Amino acid sequence: MTRMSILSSPFLLGFDQVERTLDRIAKSAGEGYPPYNIEQISEDGLRISLAVAGFGRNDLSIQVENNQLIIRGKQQDDSNRVFLHRGIASRQFQRAFVLADGMEVVGAELDNGLLHVDLRRPLPEVKVRTIEIKGAPKPARAAKAAIELDPDKG
């Protein structure tokens, strides 16, 4: 059975990738750990801040895969430690953000339990392109007949 979508309109051509991206976002929307903020820090700059208390720089990885920013965290083995109470989450996580075309990861910084990832969104260039409209070629016989009928053109 074919699933209907607003993007399946015949006027929206080539938006299959957008639909797959929206499906991927919907599947990951329920993830709540670690909490994060997204703020605009300049006209073309964004910052994602994740609360990663207890994670060090070596416990975290940041990758960009196919327009997707993926942040992973996995703490080193602490099996030699004995906890009387363990209330601080130390579970591994993966948080993914879909990036628009042209978005760039500028850098990352770990500060006081917050991982800051800075992004730059280049301002779009206005592109206007004029398409030449060509006439249909005349059939060869019609052109030859026109020459024969009008001796001044031949």
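If you take the residues of the stretch 103-123 that are outside any strand (DSSP E or B) and under 17 Å from the mean Cα position of the chain (by Cα), which of them is farthest from PRO34 (Cα to Cα)?
Among those residues, the one meeting the criterion is LEU123.
State yes or no: is PHE83 surrounded by 11 or more Cβ atoms within 10 Å (Cβ to Cβ) and of a type in the set (Phe, Trp, Tyr)? Explain how you work it out, then say what you get.
Details: surrounded by 11 or more Cβ atoms within 10 Å (Cβ to Cβ): no; of a type in the set (Phe, Trp, Tyr): yes.
For PHE83, the condition - surrounded by 11 or more Cβ atoms within 10 Å (Cβ to Cβ) and of a type in the set (Phe, Trp, Tyr) - is not met.
Any idea which residue in the stretch 86-102 is surrounded by the fewest Cβ atoms within 10 Å (Cβ to Cβ), counting only those that are assigned to a loop (DSSP other than H, G, I, E, B) and in contact (Cβ under 8 Å) with a residue 40 or more places away in the chain? Talk me through it step by step, then tell me what you get.
Step one: of the stretch 86-102, the residues assigned to a loop (DSSP other than H, G, I, E, B) are 86-92, 99-102.
When the remaining residues are screened for being in contact (Cβ under 8 Å) with a residue 40 or more places away in the chain, the result is 89, 91.
Values: ALA89: 12, ARG91: 9.
The residue in question is ARG91.
Here are the criteria: (1) under 30 Å from GLU19 (Cα atoms); (2) modelled with pLDDT under 90; (3) not small (Gly, Ala, Ser). Tell me which single one ARG47 does not satisfy.
The failed condition is (2).
Regarding the stretch 1-9, can at least one residue be identified that is among the hydroxyl-bearing types (Ser, Thr, Tyr), surrounded by fewer than 12 Cβ atoms within 10 Å (Cβ to Cβ) and modelled with pLDDT under 65? Quick ask: steps written out before the conclusion?
Of the residues in the stretch 1-9, the ones among the hydroxyl-bearing types (Ser, Thr, Tyr) are 2, 5, 8-9.
Next, from what is left, pick out any that are surrounded by fewer than 12 Cβ atoms within 10 Å (Cβ to Cβ): 2, 9.
With modelled with pLDDT under 65 added as a condition, the list becomes 2.
Among the residues of the stretch 1-9, at least one is among the hydroxyl-bearing types (Ser, Thr, Tyr), surrounded by fewer than 12 Cβ atoms within 10 Å (Cβ to Cβ) and modelled with pLDDT under 65, which makes the answer yes.
If a residue has to be part of a loop (DSSP other than H, G, I, E, B) and either closer than 14 Å to ALA53 by Cα or of a type in the set (Val, Ile, Thr) (or both) to count, how many in the stretch 64-75 make the cut?
2
The values are calculated or read from the model by the stated rules, or taken from the named source; none is laboratory data. On a predicted model such as this, the values are computed, not experimentally measured, just so you know. Cβ coordinates were reconstructed from backbone atoms using ideal geometry, including for glycine residues, and neighbour counts include every protein chain displayed.
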